[in-house]
Amino acid sequence: MDSLTIIQPDDWHLHLRDGVAMTAVVGASARHFRRAIVMPNLKPPITTVAMAHAYRQRILDAVGAGGSGNEPSFEPLMTLYLTEATPVAEMEAAKSSGIIHGIKLYPAGATTNSDAGVGSVERVYPMLAAMERLGLPLLVHGEVVDPQVDLFDREAVFIERVLQPLRRRMPGLRVVFEHITTREAADYVREADASDGTLGATITPQHLLYNRNAIFTGGLRPHWYCLPVLKRETHRQALVAAATSGNSRFFLGTDSAPHARILKEHASACAGCYTAPHALALYAAAFDAAGALDKLQAFASRNGPAFYRLPVNHGTITLRRQPWTIPAALPFGEGEIVPLAGGETLPWTVD
Ligand code: NCD
Ligand code: ZN
């Protein structure tokens, strides 16, 4: 197969940042994806419906026109950042806003801009119960932050300590286990007893293509550092099997997380891989290597809308088997940004 046309995909986990950084990156997502779930971990975080409205408008302004009639070419699907102080009334407002599609739970200290996140999940049970009642999805960064737990085990421990008890208590809560990175997570999502539309997981391109060796090959390579961190090869294989299985619980979420080059090439490098420009080509490479290009459309374009109860897109996008070299660096405000695997050549390109 030398070309592949699929329904236009959506990105179910994306960091767009704000200001000049957003202006620099939003076009790359809008070029390939019709919609994206936009993460709320700005400084300060997007904790209210009013903030989400304003942020959404800034994104639309940055994308510019380009749609037909009143329909924008790129639709940001907004999220709220859950804190221990989020009022239940804000959940109700989120549900009726029409623009908020999920509430993001960051364990405090787990990742970039997560300080305002949740210290103990028990403390947000009232908010989660409201979300269960309202049918508002919970998007969860699934890692414990207990310093006693090995960094590479944080996701597996999260399943036991947090996710299982939570889902047992609130089986109707719709949960997306974001950017899963382990066999344990893939197994959990596949095997969990969950009624339709109550459990999903996003998988990034880097976790399908690379294992943790990539971080250390030829020296310490910060552009391969993201959270949850890349894992062993056995985990990568389990993720590929999940993504290419056709199981509708798994869907595309790039977790493209831009940080300026100077903050990545730093003594304490920021976590996050920038993949917006080439995410689809990366996914195609991963599915192709697994002999499963025929499963890409479901993962990229059907399973996400089904979970989020949104229509499947109308347009299509075509991928070609044509070598394409990822730019080594791109402009990013006053500085630059290094895309994941910058300078390397991918076997697929997007028309
Ligand atoms: C994300 C970021 O930079 O905002 N970083 C990352 O490594 N994935 C935060 C996140 O999704 O954990
Ligand atoms: Zn993320």
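The values are calculated or read from the model by the stated rules, or taken from the named source; none is laboratory data. From a predicted model like this one, the values you see are computed outputs, not experimental measurements. Methodologically, a virtual Cβ is constructed for each residue, glycine included, from the backbone with ideal geometry; neighbour enumeration extends over all protein chains shown.
Structure notes:
- Extreme residue, farthest from THR275 (Cα to Cα), among residues of segment 215-264 that are under 17 Å from the mean Cα position of the chain (by Cα) and small (Gly, Ala, Ser): SER248
- Filter pass, TYR81 being closer than 24 Å to VAL124 by Cα and of a type in the set (Ser, Thr, Tyr): yes
- Every residue from segment 251-281 that is of a type outside the set (Val, Ile, Thr), assigned to a helix (DSSP H, G or I), within 16 Å of ligand 1 (Cβ to nearest atom) and in contact with a strand residue (DSSP E or B) (Cβ under 7 Å, 6 or more places away or on another chain): ARG261, ALA279
- Of the residues LEU263, LEU296, the single one that is surrounded by fewer than 17 Cβ atoms within 10 Å (Cβ to Cβ) and either modelled with pLDDT of 95 or more or away from ligand 2 (no atom under 16 Å from the Cβ) (or both) is LEU263.
- Identity of the residue in segment 183-234, basic (Lys, Arg) and either outside any loop (DSSP other than H, G, I, E, B) or within 16 Å of ligand 2 (Cβ to nearest atom) (or both), that ends up surrounded by the fewest Cβ atoms within 10 Å (Cβ to Cβ): ARG190
- Identity of the residue in segment 90-127, among the β-branched types (Val, Ile, Thr) and more than 21 Å from GLY253 (Cα to Cα), that ends up nearest to ligand 2 (Cβ to nearest atom): VAL118
Okay, residues lined up against (1) under 24 Å from GLY335 (Cβ atoms); (2) surrounded by fewer than 16 Cβ atoms within 10 Å (Cβ to Cβ); (3) away from ligand 1 (no atom under 16 Å from the Cβ):
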| site | (1), (2), (3) |
| --- | --- |
| THR5 | no, yes, yes |
| LEU14 | yes, no, no |
| VAL25 | yes, no, no |
| ARG34 | no, no, yes |
| MET39 | yes, no, no |
| VAL88 | no, yes, yes |
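- Taking the criterion of being under 25 Å from MET22 (Cβ atoms) and within 14 Å of the chain's Cα centre (by Cα), the residues of segment 266-303 that qualify are ALA271, GLY272, CYS273, TYR274, THR275, ALA276, ALA279, LEU280, TYR283, ALA300.
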